[in-house]
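Scroll down for the structure; my scribbles are underneath it.
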Amino acid sequence: MIGIPLTHILIFSLLLFAIGIYGALVRRNIIGILISIELILNAANINLIAFSKYTSPSPEMGQIFAIFVIAIAATSAAVGLAIVLALYRVRKTVYTDEVNLLKW
Amino acid sequence: MPVLEIAVKFGIYAAMGTVLIFALGVVTLRNLFHCALCLAAALIGTAVIYLGLRADFLAGIQILLYVGAVVTLVIFAIMLTEHLAGKTVRQNNSQSLPAVIGLAAFVAILAALIVKTPWPLQAASHAKISVMEIGQALMGTYVFPFEVISVILIAALIGAVVIAKKDNSGEQS
Amino acid sequence: MNRILGFFDQIFVSAKAWLLALLGRFLPDWVVVLASIVISGVVILVMGAVIMMYLTLLERKLLGRIQNRYGPNRVGKWGLLQPIADGIKMFTKEDIIPANADKIIHLLAPIVIVVPAFMIFLVVPFGRGMTAANLNIGLLYFIAVSSVTTLPIFMGSWASRNKYSLLGGMRTAAQMISYEVPMTLSVVPVIMMSQSLSTNEIVLAQSGCSGLHWFIFTPWGLAGFIVFFLCATAECNRPPFDLPEAESELVAGFHTEYSGMKFALFYMAEYMNAFTLCGIAATLFLGGWQGPFLPSWAWFFGKTFILICVMIWFRGTFPRFRVDQLMGFAWKFLLPLTLINILVAALWHFLPPVWAWLWSALILVISFFILVKLNINFVPEKRVYTLES
């Protein structure tokens, strides 16, 4: 077996997750937020693979769910970026705090 | 061959470190284009980790879909919305400090939990999972989620086209 | 006779095995494994560079003949030393970095673009037992690695801070993403028939009839090959799909601002991509190294060479596409054709031989003509340019 304990992988993916959340919280640019969300999904994927490798009786399960997650990430990126482009066309900005039309 | 195994182990740890550094780059760099490139590097590093964990198929999918498609889309959007002159705009809002504090607490608690939990480790098999097994599981046990994913993909495709399309009908009427 | 053939067939493999056995006598095991990797790597690096150099010469020669002139013939016999002279020229040229350029990325782009070009060589089966790394996901690896090529082009075009570069980069991205889709789908029938993603297994699946049971001799294989080859031409930005670097519109596209060695690296990646894509096309549809009489590697290089000549022929004879034609061709013609091709391959699998031939050929021909008919009436909307004061 690979000589890496499960906890190391989990802590690594936890750190990646935290970095992603930090990005999603502090970025002003919508594209920056989308990128951070990709990081978060990536961390989740690493967890899935690690668990299926170390604890699951059927090792292909993790890979299959990771594939689903990647597909969802691709759709979220496509739709999100389409929204960003539409927004940019109308408002000429991609910064979240400048899009305050519904804010009162 | 213990030397090779140690080399692989070291390689995985190195990949983890690189991924974390590039991930930090993704959330801190000012130039959004650099962020996207850092994201690509982090995703490739993750694919390397998958290779180390004997999930080759997923590593291939990761590079094909994430690096080949998602990052390209992101860069496309950046090119369409940023200005080439590259004037540096403030990219972060003023919530940096509370975010860092909150996340530090979050990470500390979860890390403590991860270390303390007795994981039900199984003697995982050495063998790589062949692509055929994945395919059979996708078409057998997981066929319903697979179909749902394909419907979602189609819906997202159409939705993205409809949203991003120029609204011609509105101008004419 | 057979023994001589076998010897020539395995000459490179046995040379490497002999070298490793020599090392294994007085070195530990892990050094031998490392040495094996290093030998393969060095061979690939040297071969990639040499292939690139002589492909440029071949292209210039052939283009010259097509255009009724000689091509380079001054340096060395038949211009054989021309690539080396070019290399010296490239090395000694001044390396210009635009004042406003994003310096790090401007430097990184040409380096990064060469890496995937070399990495694809890993899974190309050059002969019997001559695959550098026999991955069980070989084909997926090839598709994934070649899709990364978009990224360094983006980097180069963005970092140059030049409108021509940027336009070229955008065009490249659009083109490469669009053509990746039919390319990936056109190899699906091959995967279905050989039931494997490993390039070696795919070649072995075409081994019937004394090595002539190639996939191209079936209707779905022929259609798949044509689609794959067109997409491959588009993927490495060669004419008639060379919109990203269309000289008459964009100066040189994404490498407008590159000079000297960096420009040479872009060039190198382009030619190596052309070679590997032709090699993969030969592997998937033309039986790879399978063939009677000649040694396996001779068959492989012969087939690849012929495909490259076809690419050069394209360059010499076809005019460039318009952007809308380019995208329309990928999305409205190639994509439906590949989808139909996958269905046809499934039909082929389930029908008895003669009926399978008849039905699949019929379906493909009919769908081809229907698609041509549907595509032909497209007229782009007229654009009027007015000067605003």
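The table below lists the values:
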{"quantity": "Heavy-atom accessible area ranking, 1.4 Å probe, most first, across C:270, B:5", "calculated": "B:5, C:270"}
{"quantity": "Summed side-chain charge close to residue A:94 - residues other than residue A:94 whose Cβ falls under 10 Å, Lys, Arg +1, Asp, Glu -1", "calculated": "+1"}
{"quantity": "Relative contact order for the stretch C:51-146, counting Cα pairs under 8 Å that sit 6 or more residues apart, in percent", "calculated": "15 percent"}
{"quantity": "Euclidean distance between Cα centres, the stretch C:30-83 to the stretch C:139-190, Å", "calculated": "25 Å"}
{"quantity": "Surface per residue (accessible, 1.4 Å probe) for the stretch C:93-337, Å²", "calculated": "33 Å²"}
{"quantity": "Net charge of Cβ neighbours under 13 Å - reference residue C:103; Lys, Arg +1; Asp, Glu -1", "calculated": "-1"}
{"quantity": "Percent accessible area from carbon and sulfur atoms, the stretch B:6-71, protein chains only, probe 1.4 Å", "calculated": "81 percent"}
{"quantity": "Segment residue C:91-residue C:325, extension gain: residue separation times 0.36 nm, minus the distance between their alpha carbons", "calculated": "80.4 nm"}
{"quantity": "Total accessible surface hidden between C and B, rounded to 100 Å², 1.4 Å probe", "calculated": "2600 Å²"}
{"quantity": "Mean residue ellipticity (222 nm) of chain C, computed from DSSP H runs ≥ 4 via -39,500 (n - 2.57), nearest 500", "calculated": "-22500 deg cm²/dmol"}
{"quantity": "The stretch A:6-98: relative contact order in percent, alpha carbon pairs under 8 Å with at least 6 residues between", "calculated": "29 percent"}
{"quantity": "Approximate spin-label separation residue C:318-residue C:357, in nm, with each point projected 7 Å along Cα-to-Cβ", "calculated": "3.0 nm"}
{"quantity": "Computed over chain C: relative contact order in percent, which uses C-alpha pairs under 8 Å that are six or more apart", "calculated": "20 percent"}
{"quantity": "Largest to smallest accessible area among C:255, C:349, B:34 [probe 1.4 Å]", "calculated": "C:349, B:34, C:255"}
{"quantity": "Additional length obtainable on full extension of the chain from residue C:383 to residue C:31, 0.36 nm per residue less Cα span", "calculated": "120.1 nm"}
{"quantity": "Heavy-atom accessible area ranking, 1.4 Å probe, most first, across C:16, C:332, B:166", "calculated": "B:166, C:332, C:16"}
{"quantity": "Placed amide H near residue C:131: partners under 5 Å, 5+ positions off or other chain", "calculated": "C:126"}
{"quantity": "Candidate lysines - alpha carbon under 17 Å from residue C:332, same-chain residues fewer than 8 apart omitted", "calculated": "C:373"}
{"quantity": "For residue B:149, solvent-accessible area (1.4 Å; no DNA, RNA or ligand), Å²", "calculated": "20 Å²"}
{"quantity": "Carbon and sulfur %, accessible surface of chain A computed with the full protein complex present, 1.4 Å", "calculated": "73 percent"}
{"quantity": "Of all accessible heavy-atom area on the stretch C:93-337, the percent that carbon and sulfur account for (1.4 Å)", "calculated": "71 percent"}
{"quantity": "Positive minus negative residues near residue C:79 (Lys, Arg vs Asp, Glu; Cβ under 13 Å)", "calculated": "+4"}
{"quantity": "Over 19 Å (Cα to Cα) - which of A:53/B:9; C:89/C:262; C:93/C:262; A:92/B:166; B:9/C:16; C:16/C:303 fall in this group", "calculated": "B:9/C:16; C:16/C:303"}
{"quantity": "Interface burial for A against B (accessible surface, 1.4 Å probe, total of both chains, Å², rounded to 100)", "calculated": "7000 Å²"}
{"quantity": "Under-5 Å amide H pairs with residue B:92, H placed in peptide plane, nonlocal only", "calculated": "A:28"}
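The values are calculated or read from the model by the stated rules, or taken from the named source; none is laboratory data. Just so it is clear, the structure is predicted and the values come from calculations on it, not from any experiment. Virtual Cβ from ideal backbone geometry, glycine too; neighbours counted across all protein chains shown. For accessibility, only protein heavy atoms count, side chains too; no ligands or nucleic acids. Shrake-Rupley method; radii C 1.70, N 1.55, O 1.52, S 1.80 Å.
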